[in-house]
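The values are calculated or read from the model by the stated rules, or taken from the named source; none is laboratory data. Quantities reported herein were computed from a predicted structural model and do not represent experimental measurements. As a convention, Cβ positions derive from the backbone with ideal geometry for all residues, glycine included, and neighbour counts pool all protein chains shown.
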Amino acid sequence: MLVFTNDWGKEGCPMKKNTPNILKLSCLAILLLCSILLVRCTMVLPNAYSKAREKTQKILAHNGFKGKVQVKLIKKVFLDSDGIYVDYTYSEDTYDNQTISLDSQITFNLDWTVNGEEYVTPSHYWESYLQQKSVKKEEQKLFKELKKQSLGLDIEEFSFKDNILIDQEAGNRRKHLAEENRKNGKHDFYGYYQIPYQTMIDEHIVTMSIRVSDTENTSKKDLEEAATKLDASKLPDGEYEFYYFTTDKENSAYYDNSGYIGYTFNIQDGKVIQDDDD
């Protein structure tokens, strides 16, 4: 009668000491499979970058954007959502001797076609007018003016902020301005770049945003009081906001609890007009 004492246990079954080795081999096999799948998901052909640039540039040019395209990253995916995902930078040389760049994305099908390609545009091109030299110069001028005033708050930044997210009519007015620009041969960023800062104020397509420092004692009431202390005669008419970001995110004014606390008001004919809806 044979007796299994070393390699085999009862009824000819492997003993437990071999189990760890089997588990190790199983884990290695799973890791190898995952590695193969990962490579399969991201592998692209050597000429893919030049092809992606050529295809993207052709689509954008057809849609009115005749600048340059530089491809930064390509991911070719065969699982879940099949496609070729391309991160690229779109840039244009503008009328005021700047090169403005926008980071964007485009998704190709595996045959290098694009669904709805007539709607493909660079990301946030409609806000490009905020990058004009004249706009940046005016921002610095107004920032210095605000820093000189005694408002009881430390002014960190002044900037023009696009209004489209809170005012649909502002988006329509901006679209009309871009159309007029294109008619007059001003094609930078499909006509959206060359909008004078005074026009964007007069047409209410921007808010003049004033960021202040957050301290432990800063509150929305401080923002309201600062507005009453403004020497508005030194500031252009238009829509304004004081704001700061707080760690007390439960009281944030934004739905995403970002910590934003703000107070909006208007300046008209050199006087502060309180916003009743704020």
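Identify, by number, the condition in (1) modelled with pLDDT under 95; (2) closer than 30 Å to T215 by Cα; (3) under 22 Å from the mean Cα position of the chain (by Cα); (4) not basic (K, R) that I84 doesn't meet.
Just one mismatch for I84, condition (2).
Among the residues of segment 256-265, which ones are modelled with pLDDT of 90 or more and either surrounded by fewer than 17 Cβ atoms within 10 Å (Cβ to Cβ) or aromatic (F, W, Y) (or both)?
Y263, F265
As an exercise: evaluate A253 against (1) modelled with pLDDT under 85; (2) loosely packed, with under 13 Cβ neighbours inside 10 Å and give the number of the one condition it does not meet.
(2)
Inspect all residues belonging to segment 147-159 and state whether any of them is over 24 Å from the mean Cα position of the chain (by Cα), acidic (D, E) and surrounded by fewer than 16 Cβ atoms within 10 Å (Cβ to Cβ).
Yes; the residues of segment 147-159 include at least one that is over 24 Å from the mean Cα position of the chain (by Cα), acidic (D, E) and surrounded by fewer than 16 Cβ atoms within 10 Å (Cβ to Cβ).
Limited to segment 186-209, what total is found for residues that are more than 24 Å from S91 (Cα to Cα) and not in a loop (DSSP other than H, G, I, E, B)?
Total satisfying the criteria: 7.
Yes/no per residue for (1) buried (at least 17 other Cβ atoms within 10 Å of the Cβ); (2) in contact with a Leu (Cβ under 9 Å, 6 or more places away or on another chain); (3) free of Cβ contacts under 8 Å to residues at least 12 places away in the same chain; (4) within 30 Å of H176 (Cα to Cα):
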| residue | (1), (2), (3), (4) |
| --- | --- |
| V71 | yes, no, no, no |
| F78 | no, yes, no, no |
| V86 | yes, yes, no, no |
| D93 | no, no, no, yes |
| D96 | no, no, no, yes |
| D103 | no, no, no, yes |
| W112 | no, no, no, no |
| G116 | no, no, yes, yes |
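Determine whether S159 is closer than 18 Å to E239 by Cβ, assigned by the TED database to the domain that holds G262 and either β-branched (V, I, T) or in contact with a helix residue (DSSP H, G or I) (Cβ under 7 Å, 6 or more places away or on another chain) (or both).
Yes: the conditions hold for S159.
Answer yes or no: is there a residue in segment 171-185 that is in a loop (DSSP other than H, G, I, E, B), within 24 Å of Q98 (Cα to Cα) and at pLDDT 95 or above.
Within segment 171-185 (the criterion being in a loop (DSSP other than H, G, I, E, B), within 24 Å of Q98 (Cα to Cα) and at pLDDT 95 or above), the answer is yes, since at least one residue qualifies.
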